[in-house]
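The values are calculated or read from the model by the stated rules, or taken from the named source; none is laboratory data. Since we're looking at a predicted model, the values are computed, not measured. Cβ sites come from the backbone with ideal geometry, for glycine too, and all protein chains shown count toward neighbours. In case anyone asks, the SASA skips ligands and DNA or RNA and just uses the protein heavy atoms, side chains included. Shrake-Rupley method; radii C 1.70, N 1.55, O 1.52, S 1.80 Å.
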Amino acid sequence: MARIFYITTPIYYVNDLPHIGHMYTTVVADVLARFKRMRGFEVFFLTGTDEHGQKIERAAREQGIPPQALADQVVGRYHELWRELAITHDDFIRTTQERHKAGVRELIRRMSEAGDIYKASYEGWYCSGCESFYPETQLKDGRCPDFGHPVERLAEESYFFRLSAYQEKLLAFYRENPDFVRPASRFNEVVRFVEGGLKDLSISRASLRWGIPWPGDDRHVVYVWVDALTNYISALGFGSENQDRFQRFWPADLHLVGKDILRFHCVYWPAFLMSAGLPLPKQVFGHGWWLKDEKKMSKSLGNVVRPDYLIGQFGADPLRYFFLREMTFGQDASFSDEGFLSRYNADLANGLGNTFARVMAMARRYFDGKTPPEACGESTLRAKAEEAVARYLESMEGYEFHRALEAVWELLSAVDGYVTEKAPWGIFKAEGASGRLSRIMYNCLESLRLVAVMISPVMPGTADKVFDALPTDDAGKKQLAWGMLPVSAALGPDQGPLFPKVDDKAFFAEVKVSEQVSEQGSTQQSELVSIEEFARIKLVVGKVVTAERVPKSKKLVRLEVDLGEGQPRQIVAGIGGSYQPEELVGKLIVVVANLKPATLMGVESRGMLLAATLPDGSPVLLTPEKDVPPGAGVK
Ligand code: MSP
């Protein structure tokens, strides 16, 4: 029988564009999905979006568009982002899809049939930021306990779920399934919460329109968490005619979630499923948060890091690697540009990139562009490789990704040490392409094959590049037994460094520019500004006189722009990825003329041009619709 692995991510709210905190869970899920596939499992990997509820209704209202339109717009960005990050999900569920609504109706029908739903009046402290009612005892300084959002006293008629009836059953279930919640510290939190007593849960809202109508009573909509949690089964066809997928994959092997939503997954969700007579998921893992300046990155705190620049500049793999290497899975970690760049340069450009380049250059040269003719039986390097593989497998199975990667990097430095110790260049000089040289180089190349297999779930693009250079068949791209690299087979051509080294100065200047660009492109609604505040910004039309690239920078362009001031102004803009300098000369553009000067990569910029941002983050210049003299005001 095929071994099955069903893994899910939370479904993401569509009130804002994704930031790296959202991407993290999906990247980890993708790494596990790829790893399990590599180990022979039949994997079903689900992600999606949570589109109902007050948060979304409110965000759409602020933007003056219907909630569905906002959802469609943000979902587009998620699809695109998952493609850019090489995510291999098998399905993407949206809670506004009919198949999902059918699942929710069926779950509620079963819970009613079990006698677990009744109608009563509900009064409580409601936090619209978290979509949650909080008991008085949980409020902190009169605000919601998690984020300090304001709460309001709400009373309404509501359908209730008899959660209190499940307290003992849940505790018994936890006792029998001590691995249900990971890490263990989080498990204890959950158990303590349930031991503290469970109150019945209000699971409908009369005060809200944007949701799934309550079956048989459309004055109410289904509470957004009942709606959202059901995605894990509605995506499998629960509530539809065709139950094949549901039969095959449910219960889930792993729900990956952030620690902030653990209670919903470890208390409410199992109780709903028990009530509906359905099997419970096997495990929930609550990971930590990405912090920025010591706080959880979140839209409401305004401290989010958006992924556009990092992916645009480096592609998916370095960011995927950073996520998995930097965070101890289960604990919090801090994101910083410096941290990212130092991992990139130290681990990827130097560690992996240099070792690969060094070994490949020697192998190509000594054996005429082929793998060596003679493989090797025992060797110190083989022993180290086998040890690394064992540690890697154990760590991956135990969700200790940073340790798994550590094991791989130890192997890389063992290869380096082995090369230094054996000095193949000396042997080649003395003996030519001898048997001894062949065995030494085989050891190095085979170790690199194993490295590529091991990193392939985390950095699939990089693994493919290594496999383009090493002649491996499909089995050799997946299997971790020593000795699968064929002898005397043609090596692929040199394609340049895997990870070109990045200059710190250039990196940070471009980060700055891209942050300006992506904040303009964000759908984030800041507070409203008055007309007086707006009038302080001096926008004028300018004509580009000269344009040239800033040396060593991929994106920065230095422009001289005629703003009708007599002397042209120097402006540095991050548009070089989308525009050639030549095509800019003569163009009319719109410039913020009274911006504080900034120095980008040593060049002073006295103003900023305006550009729209495409969903992939690339800029499109704003230009007046008719000819206008330079210096004309814009309002
Ligand atoms: N829609 C609910 C989940 C419903 S699942 C049935 C939700 N959405 S969310 O968009 O707010 O968050 C989705 C996930 O992103 C959560 O697991 C949350 O923990 C994670 N992250 C959001 N910000 C994060 C960080 N700064 N760091 C790491 N993950 C965090 O909650």
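Taken together, 464, 473 contain a single residue that is charged (D, E, K, R) and over 29 Å from the mean Cα position of the chain (by Cα), which is 473.
Report yes if residue 423 is open to solvent by 30 Å² or more (accessible area, probe 1.4 Å) and more than 19 Å from residue 486 (Cα to Cα), otherwise no. Here the answer is no, as residue 423 does not meet what is asked. May I ask you to list the residues in the stretch 590-605 that are in contact (Cβ under 8 Å) with a residue 12 or more places away in the chain and either among the hydroxyl-bearing types (Ser, Thr, Tyr) or within 21 Å of residue 539 (Cβ to Cβ) (or both)? Those that are in contact (Cβ under 8 Å) with a residue 12 or more places away in the chain and either among the hydroxyl-bearing types (Ser, Thr, Tyr) or within 21 Å of residue 539 (Cβ to Cβ) (or both): 590, 591, 592, 593, 594, 595, 598, 600, 604, 605. Put simply, of 207, 240, 234, 202 the only residue that is farther than 26 Å from residue 25 by Cα, hydroxyl-bearing (Ser, Thr, Tyr) and modelled with pLDDT of 95 or more is 240. Here residue 148 passes the criteria (1) outside any loop (DSSP other than H, G, I, E, B); (2) at pLDDT below 95; (3) open to solvent by less than 70 Å² (accessible area, probe 1.4 Å) except the one numbered (1). Taking strands (runs of 3 or more DSSP E) as the structural unit, those lying wholly within the stretch 539-597 and holding at least 1 residues that are touching a Pro at 6+ places or on another chain (Cβ under 7 Å) and within 21 Å of residue 618 (Cα to Cα) correspond to 539-549, 557-562, 588-592.
Restricting 228, 172, 165 to residues that are under 27 Å from residue 250 (Cβ atoms), open to solvent by less than 10 Å² (accessible area, probe 1.4 Å) and outside any loop (DSSP other than H, G, I, E, B) narrows the list to 228. Within the stretch 356-371, not a single residue is buried (at least 16 other Cβ atoms within 10 Å of the Cβ) and free of Cβ contacts under 8 Å to residues at least 60 places away in the same chain.
Within the group 322, 314, which residue is open to solvent by 20 Å² or more (accessible area, probe 1.4 Å), aromatic (Phe, Trp, Tyr) and out of contact with any Asp or Glu (no Cβ under 6 Å at 6 or more places or on another chain)? One residue alone meets the criteria, 314.
One residue alone among 308, 347, 253 is open to solvent by less than 50 Å² (accessible area, probe 1.4 Å), charged (D, E, K, R), more than 16 Å from the ligand (Cβ to nearest atom) and in the same structural domain as residue 457 (by TED's automatic domain parsing), and that residue is 347. On the stretch given as the stretch 185-225, residues that are touching a helix residue (DSSP H, G or I) at 6+ places or on another chain (Cβ under 9 Å), part of a loop (DSSP other than H, G, I, E, B) and crowded, with 21+ Cβ neighbours inside 10 Å total 4. Select from the stretch 544-588 the residues that are of a type in the set (Val, Ile, Thr) and open to solvent by 50 Å² or more (accessible area, probe 1.4 Å) and list them in ascending order. Passing the criteria: 545, 546, 585.
Just one of the listed residues (263, 245) is within 15 Å of the ligand (Cβ to nearest atom), in a helix (DSSP H, G or I) and either open to solvent by 30 Å² or more (accessible area, probe 1.4 Å) or among the hydroxyl-bearing types (Ser, Thr, Tyr) (or both), namely 263. Which count do you get for residues in the stretch 1-11 that are crowded, with 22+ Cβ neighbours inside 10 Å and either within 8 Å of the ligand (Cβ to nearest atom) or in a loop (DSSP other than H, G, I, E, B) (or both)? So the count comes out to 3.
Taken over the stretch 282-296, the residue count meeting the criterion of being within 10 Å of the ligand (Cβ to nearest atom) and hydrophobic (A, V, I, L, M, F, W, C) is 3.
I'd like to know if the stretch 515-535 contains one or more residues that are in contact with a Phe, Trp or Tyr (Cβ under 9 Å, 6 or more places away or on another chain), at pLDDT below 95 and surrounded by fewer than 18 Cβ atoms within 10 Å (Cβ to Cβ).
Yes, the stretch 515-535 contains at least one residue that is in contact with a Phe, Trp or Tyr (Cβ under 9 Å, 6 or more places away or on another chain), at pLDDT below 95 and surrounded by fewer than 18 Cβ atoms within 10 Å (Cβ to Cβ).
Filtering the stretch 331-353 to residues that are closer than 13 Å to residue 502 by Cα and either touching a residue at least 40 places away in the same chain (Cβ under 8 Å) or out of contact with any helix residue (DSSP H, G or I) (no Cβ under 7 Å at 6 or more places or on another chain) (or both) leaves 337, 338, 341, 342, 344, 345, 346, 347, 348, 349, 350, 353. Scanning the stretch 426-439 for residues that are open to solvent by 10 Å² or more (accessible area, probe 1.4 Å), closer than 12 Å to residue 371 by Cα and part of a helix (DSSP H, G or I) yields a single hit, 439.
Scanning the stretch 88-145 for residues that are within 25 Å of the chain's Cα centre (by Cα), assigned to a loop (DSSP other than H, G, I, E, B) and not small (Gly, Ala, Ser) returns 88, 89, 90, 95, 96, 97, 130, 131.
Of all residues in the stretch 231-241, those being within 11 Å of the ligand (Cβ to nearest atom) and either open to solvent by 10 Å² or more (accessible area, probe 1.4 Å) or of a type in the set (Phe, Trp, Tyr) (or both) number 1.
Check whether at least one residue in the stretch 420-441 is closer than 24 Å to residue 37 by Cβ and without any contact (Cβ under 8 Å) to a residue 40 or more places away in the chain, and report yes or no.
Scanning the stretch 420-441 turns up no residue that is closer than 24 Å to residue 37 by Cβ and without any contact (Cβ under 8 Å) to a residue 40 or more places away in the chain.
Looking only at residues of the stretch 602-635 that are open to solvent by less than 40 Å² (accessible area, probe 1.4 Å) and over 15 Å from residue 561 (Cβ atoms), we find that the one that is farthest from the chain's Cα centre (by Cα) is 619.
Picking from residues in the stretch 12-35 that are surrounded by fewer than 24 Cβ atoms within 10 Å (Cβ to Cβ) and charged (D, E, K, R), the one that is nearest to the ligand (Cβ to nearest atom) is 16.
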